[in-house]
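Participant: This is the structure I have questions about; it appears just below.
FYI, it's all coordinate maths here, none of it is from the lab. This structure is a prediction, so every number in the text was calculated from the model and none was measured. FYI the Cβ positions are ideal-geometry reconstructions off the backbone, even for glycines, and counts take in every protein chain you see.
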Amino acid sequence: MFAKMKFWCVILASVCITVESMPNAFAIPLKVARECNALTTKAYPPLVPGNPAAGRANGNGHAVRKYFNRCVASHMHKHSQ
């Protein structure tokens with residue numbers, strides 16, 4: 001029992017060290033995130049303002065994520081040039 005617990009603690013510690021040492025390659029600038037969030041909210045307005053759990057007037061969660069991710073990708077492409 002103790003050997004199993006020790007094994008999993010070592011695994012957990014090595015995963016934490018690995019994740020901590022990785023550079024944050026997926027970070028996006030705050031300006032881009034805010035702009036894309038505003039555009040996404042405009043394109044897919046919420047049914048109840050201020051309550052994201054109420055759903056969207058049009059589209060579903062997959063469509064909203066896809067729109068946001070495309071917006072971020074296009075803005076990141078513009079900023080990298």
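Participant: Please determine, by comparing only the residues of region 32-52 that are out of contact with any Phe, Trp or Tyr (no Cβ under 6 Å at 6 or more places or on another chain) and hydroxyl-bearing (Ser, Thr, Tyr), which one is surrounded by the most Cβ atoms within 10 Å (Cβ to Cβ).
Facilitator: If we take residues in region 32-52 being out of contact with any Phe, Trp or Tyr (no Cβ under 6 Å at 6 or more places or on another chain) and hydroxyl-bearing (Ser, Thr, Tyr), then 44 is surrounded by the most Cβ atoms within 10 Å (Cβ to Cβ).
Participant: If you go through region 60-81, how many residues are free of Cβ contacts under 8 Å to residues at least 24 places away in the same chain and within 19 Å of the chain's Cα centre (by Cα)?
Facilitator: Total satisfying the criteria: 11.
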